[in-house]
Amino acid sequence: MDKTVFTGKNSAELRSIRLGLEKELFNFRFQRVGQTLENPARIRTVRRDIARIKTQETLLAKESISKPTKPSSKKSVAASKAAQ
């Protein structure tokens, strides 16, 4: 998948996609051992897609942390200190 597929998703959607891909990767590992794997290159793409999703989840987490809720004015901070 292309990285642009994951950019418009929220964290819940990304998590569900990531869990599905991790299950798929788990099944591929068993298929590889049993030598029934049809497309060995798919393992590589799934691993990279999981990494892309984790990167996007990290960016969303950083974005939500860095957003200020409401800027406080210096006047109200000074008034609260003076009241103490």
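Bear in mind these aren't lab numbers, they're just calculated from the coordinates by the rules spelled out. Please read these numbers as outputs of a predicted model, since none were measured by experiment.
On average, how much area does the Cα convex hull of the stretch 4-66 cover when viewed from any direction, in nm²? Spell out each step's value before the answer.
Values: hull surface 17.7 nm².
Mean projected area of the Cα convex hull: 4.4 nm².
Figure the gain on full extension for SER16 and ARG42 (residue separation times 0.36 nm, minus the Cα-Cα span) and round it to one decimal in nm. Before the final figure, lay out the partial values.
Working: separation 26, 0.36 × 26 = 9.36 nm, distance 1.92 nm.
Using 0.36 nm per residue and subtracting the Cα-Cα distance, I get 7.4 nm.
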